[in-house]
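Here is the structure we will look at, set down as structure tokens.
None of the figures in this text is laboratory data; all of them are computed from the coordinates on show. Since we're looking at a predicted model, the values are computed, not measured. FYI the Cβ positions are ideal-geometry reconstructions off the backbone, even for glycines, and counts take in every protein chain you see.
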Amino acid sequence: GFGYWPGAVEPTPWATAYATHLLIEASEAGFPVAPERIDAALSWLDSDVEGSGKAPTPGAAAEEAYLYYVLAYGKHPKKARIGALLRALPDRADLDGALREARYLLMAALYLSGDRRYEADLKRPDLSPIEMDRSHGWTFYSDLRFRGLALSVFTDLFGRDPAAEPLADLVARQVARSESRYYTTQELAWALSGLGRRVEVGAVDFDPPVLKVDGRIVPPSREDPRTKERSWAVARASEAKSVVLEIPRIEGGRLWLVQSSEGVRRDEPFTYGGQGLRISRRYLDEDGEPLDLGAGLSLGDAVQVELRITNRTRDRLENLALVDRLPAGFEIENPRLGRGMAADWIDPETLWSTEHMNLRDDRLEVFGALEPGETRTVIYTVRATAAGRFTLPPASAEAMYDPALWARVKGRQIEIAGPWDDYL
């Protein structure tokens, strides 16, 4: 099986189903994937669902539907259990979104198992308006994810059947409403996967494309001689007067251009405060007393950073990410390397029992869950390793699968004095 976090020692059912699904699709698309790896993952998933022992309830259907769909997709169907879960779902039109998603996936799993009794229902996907309805649990449900996943599944079962065109239009309009940062990775992955499956087959033949930036030909960073596909990476493209892609000849269909941009906008304003979450940040000395950063630090000083995060909602929130970025003059004292201050003033009862932590050169990333109204603390040590004036970036937190829940606190300017400053 597959774990959720890097270095995980125990597989998780949902992560295993998701990774296995994509490995099967990659193999079918011609990418080199070891068949024994797929077989091992399917076998683990098979044994996990067999040993779950859960009664067939609506809650179990919501948790397990995707697992049974992937097993059926990988030719390991469990028809009896799928049927029992379908019968456990209330037979009414006003089911909540997670149960509607479960019903669709279970019907699709039966279809893949050779049972076609729900074919007509599968060809009538949910076309109601997409709501910003998101789950904070380990199924990563949202209404947009459901529609994108349903579109992807529909196309797997029935190809480019025109019955799915209204659903494709619905998903496309929803994705186009906002920038990608307002959507979760699950929403974007399945929405784009579903829409991508609807795209017609590309051109039969075409001349290799040529990219010109301000009239100058830019060589591709990658090209595939078999398909004539090319990729370019253009630094500071937004500053160019013209960026033109020329394709002299296209025969037998269309070509599709995928364009992405990344970078930092100049003078981009930060929004501070939060919605659903609250964080604070303090800098303390080795005795736990607040430091006055306005008075400056000295090269070599060790500083305790205290971050507090609060869940201000009435729900348990999973998959929270707390990120504290560092100025260039700070370096994290990594306890994993045998460094770091073990302060006796820290109350262990207040510390956040996190699920995963990344210690990087420029930031600390902490991931975990909070109960309704719960406040927890993260404390780590940094050392002043370079003298000068630096910008301390903001600290932020968010629910990774619900960007509407967030918090951010301001940064500031700090000064680190070197031992030579007294002589200047």
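A few notes on this one:
- Loop sites in region 352-420: chymotrypsin sites (Phe, Trp or Tyr not before Pro), DSSP, at most 16 other Cβ within 10 Å: Trp420
- The chain: calculated mean residue ellipticity at 222 nm from DSSP helix runs of at least 4, using -39500 (n - 2.57): -9000 deg cm²/dmol
- Spin-label model distance (nm) - Glu349 vs Gln275, 7 Å beyond Cα toward Cβ: 3.6 nm
- Net length gained if the chain between Arg160 and Trp44 were fully extended (0.36 nm per residue, minus Cα distance): 38.5 nm
- Each of Ala84 and Glu25 was given a label point 7 Å from its Cα along the Cα-to-Cβ line. The distance between the two points is 3.0 nm.
- Debye log10 I(q)/I(0) for the chain, one point scatterer per Cα, at q = 0.08 Å⁻¹: -0.62
- Modelled spin labels at Ser298 and Ser261, positioned 7 Å past Cα toward Cβ, are 4.8 nm from each other.
- Within-15-Å neighbourhood charge of Asp94 [Cβ basis; K, R +1; D, E -1]: -4
- Relative contact order for the chain, counting Cα pairs under 8 Å that sit 6 or more residues apart, in percent: 12 percent
- Peptides 311-321, 154-164, ordered by how many other C-beta atoms sit within 10 Å of their residues on average, highest first, read 311-321, 154-164.
- Listed values for region 236-249 are Karplus-derived 3J(HN,Hα) couplings in whole Hz (6.51 cos²θ - 1.76 cosθ + 1.60, θ = phi - 60°), namely 6, 4, 5, 8, 6, 6, 8, 10, 10, 10, 10, 10, x, 9, and x replaces Gly and Pro.
- For region 205-251, the relative contact order works out to 52 percent when only alpha carbon pairs closer than 8 Å and six or more residues apart are counted.
- With K and R counted +1 and D and E -1, the other residues having a Cβ less than 11 Å from that of Tyr68 yield a net charge of 0.
- All-pairs alpha carbon distance profile, region 1-156, 5 Å steps from 0, percent: 1, 9, 18, 22, 22, 15, 8, 3, 1
- Between Ser221 and Ile247, the FRET efficiency from the beta-carbon distance, with R0 = 25 Å, is close to 0.90.
- Computed over region 1-69, relative contact order equals 31 percent, with contacts defined as Cα pairs under 8 Å that lie 6+ residues apart.
- When the convex hull of its Cα atoms is projected in every direction, mean area for region 103-214 (nm²): 10.3 nm²
- Folded to 0 to 90 degrees: helix 79-88 orientation relative to the chain principal axis, Cα: 70 degrees
- Of the peptides 182-194, 110-122, 227-239, the order by per-residue mean of other Cβ atoms within 10 Å, starting with the highest, comes out as 182-194, 110-122, 227-239.
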